[in-house]
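First up is the structure itself, then whatever we jot down about it.
The values are calculated or read from the model by the stated rules, or taken from the named source; none is laboratory data. Computed from a prediction, not measured in an experiment: that's the story for all the values here. Positions of Cβ are generated from backbone atoms using ideal geometry, with glycine treated the same way; all protein chains shown enter the neighbour counts. The area values use the complete protein model at the heavy-atom level, side chains included, leaving out ligands, DNA and RNA. Shrake-Rupley method; radii C 1.70, N 1.55, O 1.52, S 1.80 Å.
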Amino acid sequence: MGEVTIGLLHPGEMGTAVGQCLAGAGHQVLWAPDGRSQATGERAEAAGLRHGAGLGGLARDCDVILSVCPPHAALEVARQVAAAGFGGVYVDANAISPATAGEVARIAAAGGASYVDGGIIGTPPVAPGFIRLYLSGARAGEILALFDGTEVDVRLVPPPGTASAVKMAYASWTKGSAALLLAARALARAEGVEPVLLAEWGISQPGLEARSAGAARSAAAKGWRWVAEMEEIAAAMAAADLPGGFHQAAAAMYLRWSAGAEALG
C-alpha cells in the first residue's frame, strides 16, 4: 500500500491499543473527535493518534478505516462511513455475527469501499501478542502488512466473513460461560444457599469463586456492550441451526448486571 493513512472509529480502550500499535509502526492514525469525551481525547493523544477533520475528513484523507466499536453500533458506523463517500478499505473488527458482517460488507461495497472482516481476541494493555486480530477478505493481506513489526498478532482466515465466525465461536464460551457463573451465584443467593455453593466450589471446583467474582466486576464495567455481543452470538448459533437460547439468556444476565440489578458480595 505504500504510505498509508488510517482512520480509527473509535479510540475506546481496545481501539486505542490497536491504533497505538499502528502509529508505532509509522502509520498516520486519525480519529474523529466529534461527540467524543475528554477522556477519549486524552487516551487518543497518549497513544499517538491525531485529530481528523470529522468523519468526512477521515473518508477523504484515509486509505483505510478501522471500525472498533460496540457491536450494536457496527451497522450504523458502516452506514455513516459509506454516506461520507469513503472509497478505501473498510475493516470491521467488531464482535458481530457472520450475517451482520455480510450486511456491513454490502454497505461498504455500496459506498464504493472494499471490505475486510475482522475479529479481535484478547485485551489491552499493549504487549507482544496481547491480541490476535483475525482477518478475512480479498484485501486482508494488505491489512496484515500494516501491522508488521507490531505487538498485534494478525492471522488470516479464509474465506471472507470467517473472521467474525472465529470471534463468535470464541466469545460464545468465554463470555457465555462467565454469564452462566453469574446466573449460578444469583440463583444460589436467591435461594439462600450461596455460602454453601461457594464452599462446595472450594472443594470440587477450586478457583471458580474467584472467577465468578472477576466475571461480576467485568460485567459491571462492560456488560452494557456485551448484551449486543451475546445477541449476535445467539443469531450466529440460530443461523447454524444451533440453540440460540444460551446466549439470549447471557444477554439478559449482562443487561441485569449493567443496570446494577445484581452484585456479588
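Evaluate the stretch 231-240: report whether one residue or more is without any contact (Cβ under 8 Å) to a residue 12 or more places away in the chain and in a helix (DSSP H, G or I). Write out each step before concluding.
Looking only at the stretch 231-240, we keep the residues that are without any contact (Cβ under 8 Å) to a residue 12 or more places away in the chain, and these are 238, 240.
Filter once more, so that each one left must be in a helix (DSSP H, G or I): 238.
Within the stretch 231-240, one or more residues are without any contact (Cβ under 8 Å) to a residue 12 or more places away in the chain and in a helix (DSSP H, G or I).
In this structure, does GLY56 turn out to be over 24 Å from GLU231 (Cα atoms) and either modelled with pLDDT under 90 or in a helix (DSSP H, G or I) (or both)?
Working: over 24 Å from GLU231 (Cα atoms): yes; either modelled with pLDDT under 90 or in a helix (DSSP H, G or I) (or both): yes.
Yes, satisfied.
Here are the criteria: (1) more than 18 Å from PRO70 (Cβ to Cβ); (2) of a type outside the set (A, V, I, L, M, F, W, C); (3) open to solvent by less than 70 Å² (accessible area, probe 1.4 Å). Tell me which single one GLU209 does not satisfy.
It is condition (3) that GLU209 fails.
Restricted to the stretch 10-24, and to residues that are under 16 Å from LEU133 (Cα atoms) and of a type in the set (A, V, I, L, M), which residue is most open to solvent (accessible area, probe 1.4 Å)? Can you show your working first?
Here is the first cut: in the stretch 10-24, the residues under 16 Å from LEU133 (Cα atoms) are 13-22.
Remaining after also requiring of a type in the set (A, V, I, L, M): 14, 17-18, 22.
Values: MET14: 41, ALA17: 5, VAL18: 4, LEU22: 5 Å².
Going through the qualifying residues, I end up with MET14.
For the stretch 113-127, does any single residue satisfy the condition of being within 20 Å of GLY19 (Cβ to Cβ), of a type in the set (D, E, K, R) and without any contact (Cβ under 8 Å) to a residue 24 or more places away in the chain?
no
Output the number of residues of the stretch 173-203 satisfying the condition of being under 25 Å from GLY15 (Cα atoms), open to solvent by 20 Å² or more (accessible area, probe 1.4 Å) and touching a helix residue (DSSP H, G or I) at 6+ places or on another chain (Cβ under 7 Å).
Residues flagged as under 25 Å from GLY15 (Cα atoms), open to solvent by 20 Å² or more (accessible area, probe 1.4 Å) and touching a helix residue (DSSP H, G or I) at 6+ places or on another chain (Cβ under 7 Å) within the stretch 173-203 amount to 1.
Restricting the first residue to the stretch 166-189 and requiring it to be aromatic (Phe, Trp, Tyr), which pairs with a second residue that is surrounded by fewer than 17 Cβ atoms within 10 Å (Cβ to Cβ) meet a Cβ separation below 9 Å and a spacing of at least six or different chains?
Going by the 9 Å Cβ cut-off, the qualifying pairs are TYR170/ILE121.
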